[in-house]
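Student: One structure coming up, written as structure tokens, with questions to follow.
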Amino acid sequence: MLVCIVQKRDTKKMYAMKYMNKQKCIERDEVRNVFRELQIMRGLDHPFLVNLWYSFQDEEDMFMVVDLLLGGDLRYHLQQNVHFTEGAVKLYICELALALEYLQRFHIIHRDIKPDNILLDEHGHVHITDFNIATIVRGAEKASSMAGTKPYMAPEVFQVYVEGGPGYSYPVDWWSLGITAYELLRGWRPYEIHSATPIEEILNMFKVERVHYSSTWCKGMVALLKKLLTKDPESRLSSLGDVQSAPYLADMNWDAVFEKALTPGFVPSKGRLNCDPTFELEEMILESRPLHKKKKRLAKNRSKDGTKDSCPLNGHLQQCLETVRKEFIIFNRDKSRLDGIGVNGKSMGLEERWPWESSLPKSRSSLRRQQGQTSQLLDTEGRAGSQTQGKLQDGCNNNILGHTCSRGCSS
């Protein structure tokens, strides 16, 4: 999965665009996660989420256009040794609590709340992203593929893996919120759990180890973290009402929180990339089928169709690609708002899907000079324009695109 910056033609508004190669997703068995993320995100709209605006496809890729957030993710800032004050973390907890309550209202468990999946906007407010392992609750959830997020998983999830347990529900996200808040304050997590740590060892850790809270933290913050990190999900804080009732947050103006009227204690730098360009952009730069050459490549591929020189894919892969094409969800938030109706999943014709041109840097030295010219344009519908709409324009805007990516540009 790659991420670049795009711009909408009529409003000139900037967005982040994720694009995923269909064939690679099929080979890695990731199509279901992409579809799940689309299914969930198209129904969400909240100030503390990374919201989906458009989705479309072409022969090669699936595309998701989302809010552009240039402040970087919390993991990056932790790695930069940023010291998050109690005041900053207090506001983050409140903003994230509003987002989790909103997801709960739609029966959604995110299941992957961690610093890597929390992005900052330019003013320092938090936004939850990455819904690819989120789920819509229909009873107690059972075991699922969550190995990559082990350090933030609640005890009841591990019990499901090993003991069969009664399942888990919304409280798992509030446990992850507690782990994240602790890590932001202290610089490390309360339990020494890593992706490779055996589950049996983790369960034993929960039984015998106690969380150590810094003596420099105020009593109210410690009390709140203890309630978020309660091992019994039935006793854990796991709703907005629970959090609002905490004495530590008695002075919080929740309307002001929702309206982003409070100033965060940490504001990311506006004069630099809030990600590591050497690491984050490497995959984009070395991409064998770069986005800026897509228009010509697709035209060439179409001209080969039906000729002797064409190399048809194997039957199973071709069938899978056709299924993805038919079932992919096309989404346009502007249009759905205008029509006042739900979103339909109708597939577009191939000629309607590709509105992009790009000027991606060709080398790492070029990246350092240009700091990422990755601008493309959406048409006024926010989707691919017909070929009859004329030539596409190059939309470079160096003033804005000096910030190449809102977070990791590859995953």
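Each reported figure results from applying straightforward, stated rules to the coordinates on display, with no laboratory input. Fair warning: this is a prediction, and the values are worked out from it, not measured in the lab. Positions of Cβ are backbone-derived with ideal geometry, glycine not excepted, and every protein chain shown enters the neighbour counts.
Student: Pairs of Cα atoms under 8 Å, at least six residues apart: use those to get the relative contact order of the stretch 39-126, whole percent.
Tutor: 36 percent
Student: What ranking of L273, L52 emerges when the number of other C-beta atoms within 10 Å of each C-beta is taken as an exposure proxy, fewest first?
Tutor: Taking fewest neighbouring Cβ atoms as first place, the list is L273, L52.
Student: A further question follows. Label the stretch 148-199 by shape, choosing from rounded, prolate and oblate, from the square roots a ≥ b ≥ c of the eigenvalues of the Cα gyration tensor; if a/c is under 1.5 it is rounded, and otherwise prolate applies when a/b is larger than b/c, oblate when it is not.
Tutor: Because a/c hits 1.5 or more and a/b fails to exceed b/c, the stretch 148-199 counts as oblate.
Student: Ok, one more. Of M252, M205, how do they rank once you tally other Cβ atoms within 10 Å and put the fewest first?
Tutor: Ascending number of Cβ neighbours within 10 Å: M205, M252.
Student: Could you tell me the largest-minus-smallest coordinate of the C-alpha atoms of the stretch 91-157 on each of the three principal axes, in descending order and whole angstroms?
Tutor: The principal-axis extents, from largest down, are 38, 26, 20 Å.
Student: For I113, I330, what ranking results if the residue with the fewest other Cβ atoms within 10 Å of its Cβ goes first?
Tutor: Ranked by crowding around the Cβ, least crowded first: I330, I113.
Student: Under 1.5 on a/c is rounded, so check that first for the stretch 74-258, then, if it is not, pick prolate when a/b is larger than b/c and oblate when it is not; a ≥ b ≥ c are the square roots of the alpha carbon gyration tensor eigenvalues.
Tutor: Since a/c stays below 1.5, the shape of the stretch 74-258 is classed as rounded.
Student: Suppose the chain between E200 and S235 were pulled fully straight at 0.36 nm per residue; how much longer would it get relative to their current alpha carbon spacing?
Tutor: Full-extension gain reported as 10.3 nm.
Student: Go through K300/K326; K22/K142; K90/K114; K150/K226; K13/K326; K90/K219 and tell me which ones have a Cα-Cα distance over 18 Å in this structure.
Tutor: Violating the 18 Å limit, Cα to Cα: K300/K326; K22/K142; K150/K226; K13/K326.
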